[in-house]
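**Student:** Would you mind keeping the following structure in view while I ask a few things?
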Amino acid sequence: MMNVALGAISWMGRGGLVLAAEDLRGPSVFQHFVVAGGWITWCLLIPLSMATVALTIQYLITIRRATQMPISLAKALVAAARQGQRRNILETTRDSDTMLGQAAYAAALHTADGMDAAMAGVDEAVEDRVGRLMRRVEYLSVIGNVSPMIGLLGTVVGMIQAFNRIYTAGGGVPETSKLVGDIAIALVNTFWGLAIAIPALTMYAFFRNRVDAFASDCIRLSGGLAASLVDAERTAGAAPATART
């Protein structure tokens with residue numbers, strides 16, 4: 001009998017330790033940072049975070065030097081411009097969807113009117129392309145500016161619920177678990193708003209600077225192409241005059 005009693009006490013002790021360990025473990029990360037946030041976190045902030053990740057991946061693929069200023073296209077255009085092959089440049093870049101292709105097409109199209117006209121065409125083409133890219137990147141700026149306000153909305157909702165619970169307690173002590181839940185809503189929504197805004201605005205600045213760098217490179221390279229074409233046309237025009245004299 002003594003052995004049975006000691007075994008029962010030992011089993012109860014192990015069970016108590018297991019329960020105590022489970023109590024110390026606390027809520028999971030998912031429960032703490034997602035479930036506790038309430039409907040504002042579930043329906044607004046988490047979808048915005050997923051949109052930020054998706055847009056960032058898309059822009060990393062589409063807004064890069066290989067898609068806006070392909071090296072192979074740049075080499076081909078430089079070689080054609082040095083040989084004065086204006087028609088070849090026009091045919092190569094007519095349907096190009098790259099920033100460099102559109103700028104080079106504008107340069108070659110206006111070289112007959114002089115260098116100033118060619119550079120005006122290049123500036124217009126690059127500005128149009130930059131505007132289209134920036135309108136796409138602007139989504140990250142919108143998300144970065146809106147998400148903290150949505151997080152603040154969740155903070156206000158949680159605090160209103162907490163103070164309302166204290167008020168309805170009528171001077172007594174409100175139910176602790178529910179009061180803590182209201183405060184959790186406020187803090188978790190604030191966390192999500194900032195956690196979305198910081199990377200979204202950072203990536204917006206990153207892509208904006210990248211687009212500006214591509215635009216500067218395109219203008220410089222297209223200006224060189226236009227200068228080469230203008231010089232080639234002047235040389236070609238001067239040759240017949242020399243032959244007549």
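**Student:** Looking at (1) in contact (Cβ under 8 Å) with a residue 60 or more places away in the chain; (2) among the hydrophobic types (A, V, I, L, M, F, W, C); (3) over 15 Å from D217 (Cα atoms); (4) touching a Phe, Trp or Tyr at 6+ places or on another chain (Cβ under 8 Å), find the lone condition where L90 falls short.
**Tutor:** The number of the failed condition is (1).
**Student:** Another question, if that's okay. All but one of (1) in contact with a helix residue (DSSP H, G or I) (Cβ under 8 Å, 6 or more places away or on another chain); (2) closer than 28 Å to R208 by Cα; (3) modelled with pLDDT under 95 hold for A81; which doesn't?
**Tutor:** Going through the list (1) in contact with a helix residue (DSSP H, G or I) (Cβ under 8 Å, 6 or more places away or on another chain); (2) closer than 28 Å to R208 by Cα; (3) modelled with pLDDT under 95, A81 breaks only (2).
**Student:** Within the range 135-152, does at least one residue satisfy the condition of being assigned to a helix (DSSP H, G or I), without any contact (Cβ under 8 Å) to a residue 12 or more places away in the chain and among the β-branched types (V, I, T)?
**Tutor:** Looking through the range 135-152, at least one residue is assigned to a helix (DSSP H, G or I), without any contact (Cβ under 8 Å) to a residue 12 or more places away in the chain and among the β-branched types (V, I, T).
**Student:** I've got another one for you. Can you go through A80, A104, A117 and tell me which one is under 15 Å from L225 (Cβ atoms) and surrounded by fewer than 21 Cβ atoms within 10 Å (Cβ to Cβ)?
**Tutor:** A117
The values are calculated or read from the model by the stated rules, or taken from the named source; none is laboratory data. Note that the coordinates shown come from a computational prediction; the quantities given were computed from them, not determined experimentally. Glycine also receives a Cβ, built like all others from the backbone with ideal geometry; neighbour counts cover every protein chain displayed.
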